[in-house]
Structures are given as C-alpha cells and as structure tokens.
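The structure appears right after this line, and notes come after that.
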Amino acid sequence: MNVRTPTIERADRAPLSRDELAALVAGDIPRGSYVNLGIGQPTKVSDHLDPDAGVTLHTENGMLGMGPYASGDEIDRDLVNAGKIPVTELPGASYFHHADSFAMMRGGHLDFCVLGAYQVSVGGDLANWHTGAPDAVPAVGGAMDLATGARSVLVMMSLFAKDGTAKLVPECTYPLTGLGCVSRVYTEYAVFEIGQPGVAVRETYGCTVDDLRDWLPIELTHPRRP
Amino acid sequence: MIDLVDDPDQAVSGIADGATVLVGGFGAAGMPYALLDALLRQGASDLTVVNNNAGNGTTGIAALLAAGRVRKVICSFPRQHDSYVFDELYRAGKVELEVVPQGNLAERIRAAGAGIGGFFTPTGYGTPLAEGKESREIDGRHYVLEYPIKSDVALVAAHRADRSGNLVYRKTARNFGPIMAAAADLTVVQVARVVDTGDLDPEAVVTPGIYVDRVVVAEPALEELPA
C-alpha cells in the first residue's frame with residue numbers, strides 16, 4: 001500500500017490534536033466498510049464517522065451495527081462494547097456469539113481495524129499488548145486476532161513514548177502482537193504508509209519530512225531535499 | 001431431557017474439586033452471577049475458571065478467587081480497572097494464569113464442543129503466546145496449532161429457556177454462551193424466565209436443548225452488578 005504521490009508537508013501548523021487525528025482516520029474509511037475500533041484512542045474515530053457513510057462498526061463481543069454510547073434510559077446491561085461500555089444498536093444490527101465474531105475477523109471479512117500501539121516496525125510488525133515489564137499482568141484481549149484478521153490494520157498512536165523515544169522503529173523491542181500486519185500509522189506529526197519496501201510519509205503536521213528523518217531511527221523512502 | 005431445578009444451589013450441585021468451569025459473560029452482560037454465588041456456597045475448590053476476564057470488583061469470579069477456590073484462570077484479558085482481587089493473587093503467585101488471544105479462546109471452546117482435536121490459527125504466530133507451540137505454513141501463511149479447552153462444567157446465563165432446554169439470548173449477552181454450552185460435560189444455565197416447550201420460535205433458538213443439562217430461573221440482582 002505504498003503511496004507514490006508526493007508528500008504533503010504542513011509544517012506551518014500545529015501537530016494534530018487527538019480529535020483531528022480521529023477525524024483524519026474517519027475520513028480515510030471508505031463508504032460501506034466494516035470496521036472494528038480498538039479500545040482507547042481508536043474509539044474516538046466513531047465520533048467523526050458520518051452516519052450517512054454506511055460504515056458498519058463491529059464489536060468483538062458479538063455485534064455488527066453498533067451505535068453511539070448509550071445514555072440515560074438507553075443503557076442496557078446486555079448491550080455493551082468491547083470495553084464494556086453501554087452502547088446502542090443501529091437499524092440493521094446483528095448479534096452473534098464470540099467464536100463467530102472472531103471467525104468473521106480471522107476469515108478476512110472485516111475491512112479495517114484501528115488499533116493503538118506501543119511500537120510499529122518498518123516491516124509492519126505491531127507491539128501493543130504487553131510492555132514486557134516483569135510486574136505487568138499480561139492481557140491480550142482481541143488485539144492479536146484483530147491484527148492478524150482484519151484486511152487492513154490502521155494504527156493510531158503518538159509518535160513518541162513518554163520518555164521521548166520514537167515508537168516507529170526498525171524492530172519492535174516490546175513483545176509482538178502480530179507480524180507484518182500494519183498498513184498505515186496515524187500520528188500527531190505524520191501519516192505513514194507501511195509498504196514494501198519501507199515507510200513512506202503521506203503527509204506531515206507541524207514538521208517537515210526532514211524533521212521526521214532527524215527524529216526517527218528509521219529510513220524513510222523519500223529522497224532528501226537538495 | 002433437562003433438569004429444571006428450583007434454585008441455583010441445586011443447579012451447581014455435584015461440581016467437583018479440581019473441575020474446569022467455563023463461565024459465560026463479558027463484563028456483566030451474560031454473567032451467570034446467581035450460579036457463581038451458588039458455586040461459592042457449594043464450596044468446590046482447586047478450580048480452573050475459563051472466562052474472557054479474571055473477575056471484576058468483589059462479585060462473581062472475583063468472589064471465587066478471593067475465597068481461594070481458583071487454582072488457575074484461562075482468559076484473554078485479566079487486567080481490568082476493577083480486577084484488583086485477581087491482580088493481587090497473581091502478583092503473590094497464588095493463582096496460575098493462561099493468557100489466550102480472545103479469538104483463539106473462543107475457537108478452542110468451540111472446538112471442544114464440536115469434536116475438533118486441534119486447529120491451526122494464524123492468530124498469535126510469531127508472538128510470545130505461540131512460543132513452544134507447533135506451527136505450520138499452509139498456502140503461504142503461518143499458523144499455530146491450538147487445542148480445545150476441555151471442561152467439566154459450563155455456567156451460562158441466557159434470556160429465556162423453554163422446557164426442552166432451548167435457549168435464546170439478549171443482545172451482546174450472548175457472547176460465550178452458545179459455545180460454552182456446547183463444550184462442557186455438564187451445562188448449567190440461569191435464565192430470567194422459562195417458557196413452555198413450543199413457545200420459542202424454533203427459527204430463533206440459538207442454543208438447542210441438546211447442549212443443556214440444568215436450567216434454573218434466577219433474575220440477576222441488578223444492584224449487585226459492578227458499575
């Protein structure tokens with residue numbers, strides 16, 4: 001999925017806010033897609049999906065056609081999303097058991113999933129389930145199934161960890177979630193296409209490609225400016 | 001034929017120490033709280049509990065954990081904002097944990113009910129959760145061999161049963177119910193109401209009664225549910 005079109009550099013603006021990032025991801029999801037939004041930041045994407053765009057949301061606990069969060073009288077103990085938050089159902093919704101829910105994912109029927117990440121490698125490896133810290137309680141949920149099963153895996157993350165290290169890396173050092181599965185990475189500074197070969201920058205926000213090249217420990221496929 | 005029993009205590013009678021117990025539910029949706037409360041009173045220990053999570057708050061699975069009845073938890077996501085009972089036991093080395101990717105967990109339960117001896121799944125290949133497991137390349141893709149989760153008992157909450165044991169569920173409370181009901185030697189179901197045989201639309205039955213052994217009417221006590 002490498003882009004050959006020229007990179008759009010938007011150096012004269014601020015990096016994307018979380019809402020702007022979610023809106024950007026939402027705008028890239030084609031009409032009619034079946035989509036799973038991971039817990040956390042990716043959930044925000046649903047706020048920016050046009051209700052008329054015909055995008056159907058999948059939740060891995062067994063539903064297609066998930067609607068917005070429930071409030072007040074809409075709250076139903078039996079209707080929750082993968083984060084166990086009460087949600088609503090849209091016309092055309094359907095329910096199914098857990099094995100069917102993951103079979104439709106693993107079977108390649110889901111067009112997109114949007115996940116958070118600790119690290120993504122230049123080869124599209126994803127690490128998002130375990131920091132590897134010895135005292136951490138390991139918990140994977142559906143992350144590996146989504147990473148392996150969805151036809152396109154989109155990652156939304158900050159470009160840098162809290163300690164300032166880049167999260168787009170030559171090789172993941174955190175335990176892996178999936179191999180070669182990520183196709184695009186959305187960060188506050190840039191959108192990266194993970195392709196063969198290498199990582200291309202689709203657009204930047206508040207920096208230039210050369211800034212990214214200085215900041216990141218990876219090769220970018222764009223030629224350096226003369 | 002099913003046993004329509006009078007109370008949850010009868011429903012869980014005979015569950016042995018050391019049993020592997022599949023527990024339906026995803027959060028509060030479909031969680032068989034009345035059966036779990038009864039299992040706590042019944043006293044079986046050294047249990048292996050299979051659920052998506054490892055208990056919330058102090059009720060249900062967390063109560064069994066707190067009482068020292070659980071030797072091992074098989075789940076996909078133990079870490080919750082209110083999984084403090086499990087977290088403490090795990091960090092103290094007092095409970096075993098097998099973390100399984102959620103879809104592999106579901107498929108391993110499904111396989112047990114479907115008589116499948118094992119299956120190759122792409123999920124987890126190349127990750128720490130596939131370490132030590134047989135893998136195979138099939139048609140250019142890598143797969144990991146996973147085995148069914150054999151179990152003694154399934155505790156499931158459904159919406160309605162008829163007197164033949166046919167079950168329907170409500171919304172996302174269905175989650176693990178149908179595959180767990182099929183997978184265990186003894187399937188115990190709590191429902192909000194039992195209707196006469198013939199009163200459920202056969203086209204709408206999700207779990208056929210062949211998978212169900214005991215049914216008890218137990219409306220979940222909403223005030224006891226975690227927020």
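Coordinate-derived values only; no laboratory data. Note that the coordinates shown come from a computational prediction; the quantities given were computed from them, not determined experimentally. Here Cβ is always computed from backbone atoms with ideal geometry, including for glycine, and neighbour counts include all displayed protein chains.
Tabulated values for the structure
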{"quantity": "Fewest-first ranking of B:Phe26, B:Phe120, using other Cβ atoms within 10 Å as the exposure measure", "calculated": "B:Phe120, B:Phe26"}
{"quantity": "By average C-beta atoms within 10 angstrom, highest first, the peptides B:200-211, B:46-57, A:205-216, B:102-113", "calculated": "B:102-113, B:46-57, A:205-216, B:200-211"}
{"quantity": "Within 10 Å of each Cβ in A:176-182, the average number of Cβ atoms from other chains", "calculated": "4"}
{"quantity": "Three semi-axes of the equivalent ellipsoid, segment A:142-223, Cα gyration tensor, whole Å, largest first", "calculated": "22, 14, 12"}
{"quantity": "Average partner coverage of B:52-58, which counts Cβ from other chains inside 10 Å", "calculated": "2"}
{"quantity": "Shielding by partners, peptide B:102-113 (average Cβ within 10 angstrom, other chains)", "calculated": "6"}
{"quantity": "Reachable lysines, given that their alpha-carbon falls under 18 Å from the alpha-carbon of B:Lys72 and they are not under 8 places away in the same chain", "calculated": "B:Lys94, B:Lys150"}
{"quantity": "Per residue convex hull volume, Cα atoms of chain A, in Å³", "calculated": "141 Å³"}
{"quantity": "Nearby aspartates and glutamates by direct alpha-carbon distance to A:Lys167 (threshold 16 angstrom, same-chain neighbours under 8 apart not counted)", "calculated": "A:Asp125, A:Glu188, A:Glu193, A:Asp211, A:Asp214, A:Glu219"}
{"quantity": "Kirkwood Rh, Cα atoms: Rg over Rh of the protein assembly as shown", "calculated": "1.00"}
{"quantity": "Reciprocal mean inverse distance between Cα atoms of segment B:89-138 - Kirkwood radius, Å", "calculated": "12.7 Å"}
{"quantity": "Antiparallel DSSP beta bridges within segment B:3-217, as percent of all bridges there, nearest 5", "calculated": "25 percent"}
{"quantity": "Sites matching trypsin sites (Lys or Arg not before Pro) across segment A:126-168 that sit in DSSP coil, with at most 11 neighbouring C-beta atoms within 10 Å", "calculated": "A:Lys162"}
{"quantity": "Alpha-carbon Debye profile of segment A:72-142, log10 I(q)/I(0) at 0.18 Å⁻¹", "calculated": "-1.01"}
{"quantity": "Positive-end residue, the protein assembly as shown charge dipole about Cα centroid, Cβ charges, pick of A:Asn81, A:Gly67, A:Ala127", "calculated": "A:Ala127"}
{"quantity": "Cα convex hull of segment B:107-227 - mean projected area over all directions, nm²", "calculated": "10.2 nm²"}
{"quantity": "Spread of Cα-to-Cα distances over 10 Å intervals beginning at zero, given as percent, for segment B:3-217", "calculated": "9, 34, 34, 18, 5, 0"}
{"quantity": "Computed magnitude of the charge dipole of chain B (debye, nearest 20; Cβ of K, R +1, Cβ of D, E -1)", "calculated": "480 debye"}
{"quantity": "Per-peptide average of other Cβ atoms within 10 Å, ordering A:136-147, A:112-123 highest first", "calculated": "A:136-147, A:112-123"}
{"quantity": "Relative contact order [Cα under 8 Å, 6+ residues apart], segment B:3-217, whole percent", "calculated": "23 percent"}
{"quantity": "For segment B:45-192, with +1 on Lys and Arg beta carbons and -1 on Asp and Glu, the positive-most of B:Phe176, B:Val70, B:Val50 along the dipole", "calculated": "B:Phe176"}
{"quantity": "Cα convex hull of segment B:1-115, projected area averaged across orientations, nm²", "calculated": "7.6 nm²"}
